[in-house]
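FYI, it's all coordinate maths here, none of it is from the lab. Note that the coordinates shown come from a computational prediction; the quantities given were computed from them, not determined experimentally. No Cβ is skipped: glycine too gets one built from the backbone with ideal geometry, and neighbour counts run over all protein chains shown.
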Amino acid sequence: MTKQYAKLGFILAAFSLVACVGLSFVYAATKDRIANQASVQLQASLKELFPEADAFKDVTADLGGSFKGATLDAAYLVERSGAPMGMAVKASGNSYGGPATLLVGVGIDRRIAGVRVLDSKDTPGLGYNAMNPSYFVDKATKKTFPGQFTGKALTDGFAVKQDVAAIAAATITSKALTGIIKASGDAAQAYLEHTSSVGGN
Amino acid sequence: MMKIFIIALLINNVVLMRYIALCSYIGMTGEVGQSVGMGFAVTFVTVIATAATWPLYHFVLVPLGLEFLKILVFILVIASLVQLVEYYLKKNVPGLYAAMGIYLPLITTNCAILAVTFENISNNYSFLTSIVYSVGVSAGYLLAMILLAGVRVRIKNSTVPKFLAGTPILFVSTSLIAIAFMGFSGLIK
Amino acid sequence: MNRLWKQFKQGLIYENPLLMLMIGLCSALAVTTSVSNAIGMGLAMTFVLLCSEVMISAFRKTIPESIRMPIFIIVIAAFTTIIDYTMQAYFPALSKSMGVFIPLIVVNCIIMGRVEAFAYKQKPLICVADALGMGLGYTWVLVGIAAIRELLGNGTLAGIQVMPDSFQPILFFTLSPGGFLVFALFISLNLWLKGRMQKSAAAKAEAKNQEVAA
């Protein structure tokens, strides 16, 4: 009787072992490529927001204070020839279907240099369109949802549907993303003002 | 956290908005009693599964570098849990066991349970948030099941256009319930 | 060869998993907001179905009946993980937009059902035909629904603007109620076609009987 169970257990274990070994091979083969994608996307987005910059200093440790509505994952001081051009903040916050991650660039003129949505867990065809480069909230000027924030001053209004155009049928997503953008913009502005007041380079 | 619960229950309802767990939704809503039983069983398994898989992932798989075994391990955990629930019911609540019949093992293939366990990981929820999320999602599932079961009772006594008879009318009704649920999106500021 | 072709057609049309057997609905409707998602999902599911059916069929003599379910799960989960990681590595945008539905292939009723009912009892070669038929049957229905939903709800097909600029997209079709409605109409159309096929088959049988009697 126990021999019967032992045989069953052995077959089960054999299948599991083969599965695990096979999967570890696939994982090893794809792991680096997948890990690369996040950093490649970040670097490419940073370059898109600040095309004239030549250095992105990681200043995540220096970012003080907490800002409601977003978790600040990383912050980069953007420099050109040693002089600060602005800041890029990578922030995440809760959106409709899960956390969304954005990269918000703020220039030293206290205007948003641009916004990129790095990751979204919202519904494809609706909230996920924030990441879609061919989805326009304003068809006449061909502005995408994150694109409409370029050049917007941080002192402007950020009310969705009044100052900010929402994604059709995705108001919760639009509000959530706008909240993250505002919080990141404020955090970046606070840091830039701090460094300039301290007489930083 | 309350926001995540409300969104999971009403606004981003797992069945009506996200199309998950449709197999059991169509198959198990013949009677209201059946759908309530199924809904509660799924709730129980989902919460226990979350409580089991979250620590398993964060304290065993990740430190050992075995994240790629997530799909395999999670589905086996759920399958074992359902087996355990089956044994327990068979021994202690034979009436319910007999009533649920073959639908009990089918809980293993319920997409909602597995979806919740995966999303707890991919959304980086803390343990407490994961539990709240799993309760919210399964409560949403239960709600959708009861609603459709109630509607089906009325469909039985109505005249259905010939081209919609059978399953199509169920999906049309679901479509209407979903439209109603879309009204909930105003709940979140 | 004829047998293989017949088995292939079974899954594609006569026993279409979504329209006829009504299984595998879980991951079906969610990915039909865009044609590219639908194609990705259909092909991913076909891959897992094909590999699982072939593997289980090849080893069917060594799988004891009492533990066949856990072993099916292990095999299907392994191939789901493979396609998940492969898509993350080589099709990251598609993988992200499909989110949790790729890992959910592991509980796709079609795969479980087919493996249990078919692959466990048949030889590998006919399992290939069955898997391809079922998988592609699943894919074409998905793409059909997605084409309607994306065209009417967004004016595009696979991201390419097809409708003229003056076309106002009917957002209803991108939203969930629209998906249910389109699916209801698909099933209704399919039931009607099935009815007609059965009527013509019955008529043919009648004619044959009368010939024999005469």
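Run the reach check for A:Lys47 against aspartates and glutamates, Cα to Cα strictly under 13 Å, same-chain hits fewer than 8 apart removed. What comes back?
A:Glu79
Relative contact order of chain B, please, whole-number percent, based on alpha carbon pairs below 8 angstrom and at least 6 residues apart.
Normalised by residue count, the contact order of chain B is 43 percent.
I need the fraction of alpha carbon pairs in region C:42-162 separated by more than 24 Å, rounded to a whole percent.
It works out to 34 percent of all Cα pairs.
Of all beta bridges DSSP finds with both residues in region A:53-197, what is the antiparallel percent, to the nearest 5?
95 percent
Multiply the residue separation of C:Arg3 and C:Lys204 by 0.36 nm, subtract the distance between their alpha-carbon atoms, and state the gained length in nm to one decimal.
Values: separation 201, 0.36 × 201 = 72.36 nm, distance 2.24 nm.
Additional length available on full extension: 70.1 nm.
Over the alpha carbons of the protein assembly as shown, what is the largest minus smallest coordinate on each principal axis, giving the biggest first in Å?
The Cα atoms of the protein assembly as shown stretch 102, 64, 50 Å along their principal axes.
Quote the charge dipole size of region A:37-122 about the Cα centre in Debye, to the nearest 20; the model charges only the Cβ of Lys and Arg (+1) and of Asp and Glu (-1).
180 debye
Please state, rounded to one decimal and in Å, the Kirkwood hydrodynamic radius that region C:37-109 gives when every pair of distinct Cα atoms enters the mean of 1/r.
The Cα-based Kirkwood calculation yields 12.8 Å.
Quick check on chain C: what are the equivalent-ellipsoid semi-axes from the Cα gyration tensor, as sqrt(5λ), descending, whole Å?
Each semi-axis is the square root of five times an eigenvalue, giving 31, 28, 13 Å.
Hey, fewest Cβ within 10 Å first, where do C:Arg68, B:Arg18 land in order?
Fewest-to-most Cβ neighbours within 10 Å comes out as C:Arg68, B:Arg18.
How do C:123-131, C:44-52 rank on mean C-beta neighbours within 10 Å, highest first?
So the peptides C:123-131, C:44-52, ranked by packing, come out C:44-52, C:123-131.
Enter the Cα centre distance for the pair region A:1-71 and region B:1-79, rounded to the nearest angstrom.
So the two Cα centres are separated by 23 Å.
What fraction of the DSSP beta bridges in the protein assembly as shown is antiparallel, stated in percent and rounded to the nearest 5?
95 percent
Among A:Ser45, A:Val59, A:Thr101, which residue has its Cα furthest toward the positive end of the charge dipole of chain A, with +1 on Lys/Arg Cβ and -1 on Asp/Glu Cβ?
Among A:Ser45, A:Val59, A:Thr101, the one farthest towards the positive end of the dipole of chain A is A:Thr101.
Peptide A:115-127: average number of partner chain Cβ atoms within 10 Å per residue?
Average neighbour count from other chains, rounded to a whole number: 5.
Could you work out the local net charge near B:Thr167, counting Lys and Arg as +1, Asp and Glu as -1, over the other residues with Cβ closer than 13 Å to its Cβ?
+2
How big, on average over all directions, is the shadow cast by the Cα convex hull of region B:1-159, in nm²? The partial results should precede the final answer.
Working: hull surface 39.9 nm².
Mean projected area for region B:1-159: 10.0 nm², to one decimal.
Return a whole-number percent for the relative contact order of chain C, with Cα pairs under 8 Å and 6 or more residues apart as the contact set.
Values: 260 pairs, mean separation 71.1, N = 214.
RCO, chain C: 33 percent.
Using the count of nearby Cβ atoms within 10 Å as a rough guide to exposure, how do A:Thr144, C:Thr174 rank from fewest to most?
Ordered by Cβ neighbours within 10 Å, fewest first: A:Thr144, C:Thr174.
Averaged over its residues, how many other protein chain Cβ atoms are within 10 Å of peptide A:85-97's Cβ atoms?
If you average over the peptide's residues, the count of other-chain Cβ atoms is 2.
Order these by the 10 Å Cβ neighbour count, fewest first: C:Trp192, C:Trp140.
Values: C:Trp192 12, C:Trp140 17.
So the ranking, lowest neighbour count to highest, is C:Trp192, C:Trp140.
To the nearest whole percent, what portion of all C-alpha pairs in region C:126-176 is separated by more than 13 angstrom?
Working: 796 of 1275 pairs.
Percent of Cα pairs beyond 13 Å in region C:126-176: 62.
Tell me, what is the FRET efficiency for A:Asp32 and A:Ala55 to the nearest 0.05, using R0 = 22 angstrom and their Cβ-Cβ distance as r?
According to the calculation, E is roughly 0.25.
May I have the convex hull volume per residue, in Å³, for the Cα set of region A:1-49?
Convex hull of Cα atoms, per residue: 58 Å³.
Cut-off under 26 Å on the C-alpha distance; same-chain residues fewer than 8 positions from C:Lys208 excluded. Which lysines are left, in chain and number order?
Answer for C:Lys208, where 26 Å is the Cα cut-off: C:Lys6, C:Lys9, C:Lys194, C:Lys199, listed by chain and number.
I need the calculated FRET efficiency for the pair A:Val21 and C:Trp192, taking r as the beta carbon distance and R₀ as 51 Å, to the nearest 0.05.
Given R0 = 51 Å and the Cβ-Cβ separation, E is 0.55.
Quick check: net charge around A:Lys7, other residues with Cβ under 15 Å of its Cβ, Lys/Arg +1 and Asp/Glu -1?
Details: positive: A:Lys3, C:Lys61, C:Arg68; negative: C:Glu65.
Around A:Lys7, the charge tally is +2.
Working only with C-alpha atoms, what are the Rg and Dmax values of region B:122-170, expressed in angstrom?
Final numbers for Rg and Dmax: 17.3, 50 Å.
How many partner chain Cβ atoms sit within 10 Å of a residue's Cβ in peptide B:10-19, on average, as a whole number?
Numbers: counts 0, 3, 8, 1, 0, 1, 3, 9, 8, 13.
Mean partner shielding for this stretch: 5.
Report, in listed order, any pair from A:Lys68/A:Lys90; A:Lys143/C:Lys96; A:Lys121/A:Lys161; A:Lys7/B:Lys70; B:Lys162/C:Lys204 with a Cα-Cα distance greater than 19 Å.
Correct reply: A:Lys143/C:Lys96; A:Lys121/A:Lys161; A:Lys7/B:Lys70; B:Lys162/C:Lys204.
Among the GluC sites (Glu not before Pro) within region A:10-90, which fall in a DSSP loop and have no more than 15 other Cβ atoms within 10 Å of their own Cβ?
Passing sites in region A:10-90 are A:Glu52.
Per the protein assembly as shown: cysteines with no other Cys C-beta under 4.7 angstrom?
Cys with no partner Cβ under 4.7 Å: A:Cys20, B:Cys23, C:Cys51, C:Cys109, C:Cys127.
Calculate, in whole percent, how much of the Cα-Cα pair population of region A:71-185 lies beyond 26 Å.
For region A:71-185, the fraction of Cα-Cα distances above 26 Å is 15 percent.
May I ask for the Rg/Rh ratio of chain A, computed from Cα atoms with Rh as the Kirkwood radius, given to two decimals?
1.18
Which of the peptides A:108-115, C:145-152 is most tightly packed, and how do the rest follow, judged by the mean count of other Cβ atoms within 10 Å per residue?
Descending mean neighbour count gives C:145-152, A:108-115.
Straight-line reach from A:Lys3: which lysines fall under 22 Å, measuring Cα to Cα and dropping same-chain residues less than 8 apart?
Answer for A:Lys3, where 22 Å is the Cα cut-off: C:Lys61, listed by chain and number.
State, to one decimal in nm, how far the label point of A:Ala44 lies from the label point of C:Arg68, with both points 7 Å from Cα in the Cβ direction.
Result for the modelled spin labels: 4.7 nm.
If you take every residue apart from C:Asp165 with its C-beta less than 13 Å away from the C-beta of C:Asp165, what net charge results, scoring Lys and Arg +1 and Asp and Glu -1?
+2
Of the GluC sites (Glu not before Pro) in region C:1-107, which ones lie in a loop per DSSP and count no more than 14 other C-beta atoms within 10 Å?
Taking region C:1-107 and a limit of 14 other Cβ atoms within 10 Å, no loop GluC sites (Glu not before Pro) are found.
In terms of the Cα gyration tensor, with a ≥ b ≥ c the square roots of its eigenvalues, is region B:65-157 rounded because a/c is under 1.5, prolate because a/b exceeds b/c, or oblate? Provide the component values of the computation, followed by the final result.
Numbers: a/c = 2.36, a/b = 1.38, b/c = 1.71.
The shape class here is oblate.
Based on the Cβ-Cβ distance from B:Lys91 to A:Ser81, what FRET efficiency comes out when R0 is 60 Å, to the nearest 0.05?
So the FRET efficiency works out to roughly 0.20.
Please express the Cα-Cα pair-distance distribution P(r) of region C:162-201 as a list of whole percents, one per 10 Å bin, running from 0 to the bin with the greatest distance.
For region C:162-201, the pair-distance distribution reads 26, 29, 25, 16, 3.
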